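The structure is given below, and queries will be raised subsequently.
The values are calculated or read from the model by the stated rules, or taken from the named source; none is laboratory data. Since the structure is predicted, the reported quantities are computational estimates derived from the model, not experimental observations. In this analysis, Cβ positions are derived from the backbone assuming ideal geometry, glycine residues included, and neighbour counts consider all displayed protein chains. To get the accessible areas, we keep the full protein, side chains included, count just its heavy atoms, and leave off ligands, DNA and RNA. Shrake-Rupley method; radii C 1.70, N 1.55, O 1.52, S 1.80 Å.
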Amino acid sequence: MTQSTDDRFNHIEERLDSIEQKLDLKFDKLSSEVEKSNEKFEIYRQANQSLVNLAFGLIASATVGLVVSLIFKR
């Protein structure tokens with residue numbers, strides 16, 4: 001091979017290394033963002049479940065209160 005060909009190969013190799021490093025950084029950043037999104041989703045899920053439990057408790061309490069008041073009025 002000639003010197004020019006070697007230089008071209010070296011240049012291509014350097015560019016590929018640079019691209020690889022950039023992709024590694026972007027992949028790490030994306031992985032971090034996915035982790036944060038998963039944490040936010042889990043918090044949202046827990047909050048939603050607590051809200052459903054609260055609503056069920058309020059409905060059940062109101063129903064029991066209504067039934068008890070109807071029974072004692074008779």
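One residue is enough: does the range 2-11 have a residue meeting the conditions exposed (fewer than 10 other Cβ atoms within 10 Å of the Cβ), β-branched (Val, Ile, Thr) and not in a helix (DSSP H, G or I)?
Taking the range 2-11 and keeping what is exposed (fewer than 10 other Cβ atoms within 10 Å of the Cβ), we get 2-5.
From the residues that got through so far, the ones that are β-branched (Val, Ile, Thr) too are 2, 5.
Those left that are additionally not in a helix (DSSP H, G or I): 2.
Yes - at least one qualifying residue is present in the range 2-11.
When the range 34-74 is examined, which residues are found to be of a type in the set (D, E, K, R) and open to solvent by 90 Å² or more (accessible area, probe 1.4 Å)?
GLU35, LYS36, GLU39, LYS40, ARG45, LYS73, ARG74
Restricting to the range 17-33, count the residues that are open to solvent by less than 80 Å² (accessible area, probe 1.4 Å) and among the acidic types (Asp, Glu).
So the answer is 1.
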